[in-house]
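The values are calculated or read from the model by the stated rules, or taken from the named source; none is laboratory data. Just so it is clear, the structure is predicted and the values come from calculations on it, not from any experiment. Cβ placement follows ideal geometry from the backbone for every residue including glycine, while neighbour counts extend to all protein chains displayed.
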Amino acid sequence: MNLDIRYAKPSESELILEFIKGIADYELLSDQVIATKDDIYQSIFIEKSANVIIAFLDNNPAGFALFFYNYSTFKGRKGFYLEDLYVHEQYRKIGIGKALFEHLLKIAKENNCGRMEWVCLNWNKPAIDFYLSKKARPMSEWTTFRIDEKDFS
């Protein structure tokens, strides 16, 4: 098994969108994906709003992770927010998700991040079990709130 994890290239904007559609399908949220290849290219590679790493197994795109930096006032330094981590179904249960996650931890450490955070759907037991095995803890005392752009008025 030859696994290579590296930062995405601008020419891979379509591939990133395919991964996003894959995770949306897995999460039963496909109807909410409105991003286009051009949106991905602009926001990630021009505006630098997020970072993407891609895992290639024997040169085949197998999984990806999208993350960005935020700031922790309590820690007094930047934080690391994992937006998406996804592995194509045919590549699951062979360590690619674990390798991506460990690569993300390395990036967070190299960038002096005070913490790493993400959200996980309550029904995603395989992911929850994995995160717990990595010493992550659910933040049950916090509630995630969201306002969509149509309500920014």
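Below is a table of values for the structure above.
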read-out: Some residue of the range 19-35 being in contact with an Asp or Glu (Cβ under 6 Å, 6 or more places away or on another chain) and of a type in the set (A, V, I, L, M, F, W, C); value: yes
read-out: Residues of the range 1-37 classified as free of Cβ contacts under 8 Å to residues at least 12 places away in the same chain and of a type in the set (Val, Ile, Thr), total; value: 1
read-out: Residue in the range 76-95 that is modelled with pLDDT of 95 or more, surrounded by 15 or more Cβ atoms within 10 Å (Cβ to Cβ), aliphatic (A, V, I, L, M) and farther than 24 Å from Gly22 by Cα present; value: no
read-out: Residues located in the range 106-119, provided they are of a type outside the set (Lys, Arg), touching a residue at least 12 places away in the same chain (Cβ under 8 Å) and either surrounded by 14 or more Cβ atoms within 10 Å (Cβ to Cβ) or farther than 17 Å from Leu29 by Cα (or both); value: Ile107, Ala108, Asn111, Asn112, Cys113, Gly114, Met116, Glu117, Trp118
read-out: Those residues of the range 95-153 which are over 27 Å from Leu3 (Cα atoms), of a type outside the set (A, V, I, L, M, F, W, C) and part of a loop (DSSP other than H, G, I, E, B), in sequence order; value: Gly114, Asn122, Arg137, Pro138, Ser140, Glu141, Thr143, Thr144, Arg146, Asp148, Ser153
